[in-house]
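To start, the structure under review is shown below, and the notes come after it.
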Amino acid sequence: MQLLIQLELSKLKKIKRYILSCVLITTGMCLFTTISLFAIEQDRATNYNNAVKMMNAAIIDCYLIFSGVLVTRVIVEEYIKRTALILFTYSVSRRHIMMAKVLLILGITVCFAIITELISITYLIVAGPHMKLALNTFSEADFVYWLTQFCWGIILIISFTLLNISMAFIKKTNQHVFLTSLLSVIIAQILISQDIQKLSLILGVLFIILTEISIKKFADKIA
């Protein structure tokens, strides 16, 4: 499986473009965090929790769209260009080939999301007091709140990335993956705003099953 993942990674000819996307998203999140701190300053009753919640929600949105783009490059384009037919001639399990694609997409998306999260929270902790925008020091309770939001955020990203992947195997069009990404953003924001991120665990299980079914039933079909 490791060799298959390395093979899929080697086919990403413009990996630097995705790294640049991560850099741009991270930079954007630092700017967004600064704006969030200004908003906190205008509301004396709030603390860092609002900034953390907004920051994590924005990161989730960015990486759900990012994962949709990555899915189109790794999966959909091979069906559009019909290069998937070449893969099916390999003396390797087709399921293993598709699972390598799934793991590659999840790995890149989650790794970049974690990097952005860590840099953003570090920026929030370090830069806030120096800019005198924070109302209080970043406490242990604030850190625990961020860690909780961070964990739920990663679960949301994994869950809805699997939905994007399933749609790619089923429909094999960029349009369907793009629309699914937008729908994922909407649903994720509803879960976050209502503080019901725990539902992401159920959705994650359902989307794992959906991904497995889509690989078995639709991955071999070339339009």
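The values are calculated or read from the model by the stated rules, or taken from the named source; none is laboratory data. Note that the coordinates shown come from a computational prediction; the quantities given were computed from them, not determined experimentally. Methodologically, a virtual Cβ is constructed for each residue, glycine included, from the backbone with ideal geometry; neighbour enumeration extends over all protein chains shown. Side chains included, ligands, DNA and RNA excluded: accessible areas come from the protein's heavy atoms. Shrake-Rupley method; radii C 1.70, N 1.55, O 1.52, S 1.80 Å.
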Self-check item: Sole residue being at pLDDT 80 or above, open to solvent by 50 Å² or more (accessible area, probe 1.4 Å) and not aromatic (Phe, Trp, Tyr), chosen from ARG44, ARG17
Solution: ARG17
Exercise. Taking ILE97 as meeting all but one of (1) modelled with pLDDT of 85 or more; (2) crowded, with 17+ Cβ neighbours inside 10 Å, write down the number of the exception.
Key: (1)
